[in-house]
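The values are calculated or read from the model by the stated rules, or taken from the named source; none is laboratory data. Please read all numbers here as calculations on a predicted model, not as lab measurements. Positions of Cβ are generated from backbone atoms using ideal geometry, with glycine treated the same way; all protein chains shown enter the neighbour counts. In case anyone asks, the SASA skips ligands and DNA or RNA and just uses the protein heavy atoms, side chains included. Shrake-Rupley method; radii C 1.70, N 1.55, O 1.52, S 1.80 Å.
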Amino acid sequence: MAVATGSISRNYKLKAGHHSEIFDLFKNRAICGDDPRLKGCGKPRPDIFLLAAELLERKVGEGDLSSLHAEGAEGKALIEERSRGLVLEDSINGLEAGQRAGMKTIWVPDERIRALAPGKTFGADCVLESLEQFRPEEWGLPPYDS
């Protein structure tokens, strides 16, 4: 797992510092919006999620899913690898970035955003009211420890 946040590093460290028991688990697998490897390409571009996948040693290629050529074996392999990714997002731009990366998306919107667009899913594969509703086994992941 990796963290891919649009927050700048300083803000991420402030937020994550209050939950070090969780965020320390990610070590060097956290990408922030000001990471120079993104070259200023923030969400809704897919770059942040593709970089996170690369940190997990996944071969996902570069650019939007629509730019990959599905006819060739290499393009098919990249598309397949990307489809194994799972993005949990709270923002509409992040949701779009995950979709453009070709990954499955779970939208966990802030209640204020949800109130502005009740009933809209913005193409998410799943919408949750809270991360507490997330069931990893429904996405091919191991279940939480009992």
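Give me the pairs, please: first residue somewhere in segment 102-113 and closer than 25 Å to residue 63 by Cα, second residue anywhere and of a type in the set (Val, Ile, Thr) and in a helix (DSSP H, G or I), beta-carbon distance under 8 Å, and either six or more positions apart or on two chains. Listed pairs, sorted by first residue: 102/79.
Restricted to segment 15-35, and to residues there that are modelled with pLDDT of 95 or more and out of contact with any strand residue (DSSP E or B) (no Cβ under 9 Å at 6 or more places or on another chain), the residue that is surrounded by the fewest Cβ atoms within 10 Å (Cβ to Cβ) is 34. Kindly indicate whether residue 39 is of a type outside the set (A, V, I, L, M), open to solvent by 40 Å² or more (accessible area, probe 1.4 Å) and touching a helix residue (DSSP H, G or I) at 6+ places or on another chain (Cβ under 7 Å). So residue 39 fails the test. In a residue-by-residue description of segment 137-146, the property of being out of contact with any Gly (no Cβ under 8 Å at 6 or more places or on another chain), without any contact (Cβ under 8 Å) to a residue 12 or more places away in the chain, polar (S, T, N, Q) and assigned to a loop (DSSP other than H, G, I, E, B) applies to at least one position.
Filtered by the rule that a residue be over 14 Å from residue 98 (Cβ atoms) and either within 14 Å of the chain's Cα centre (by Cα) or of a type in the set (A, V, I, L, M) (or both), segment 43-57 gives 54, 55, 56.
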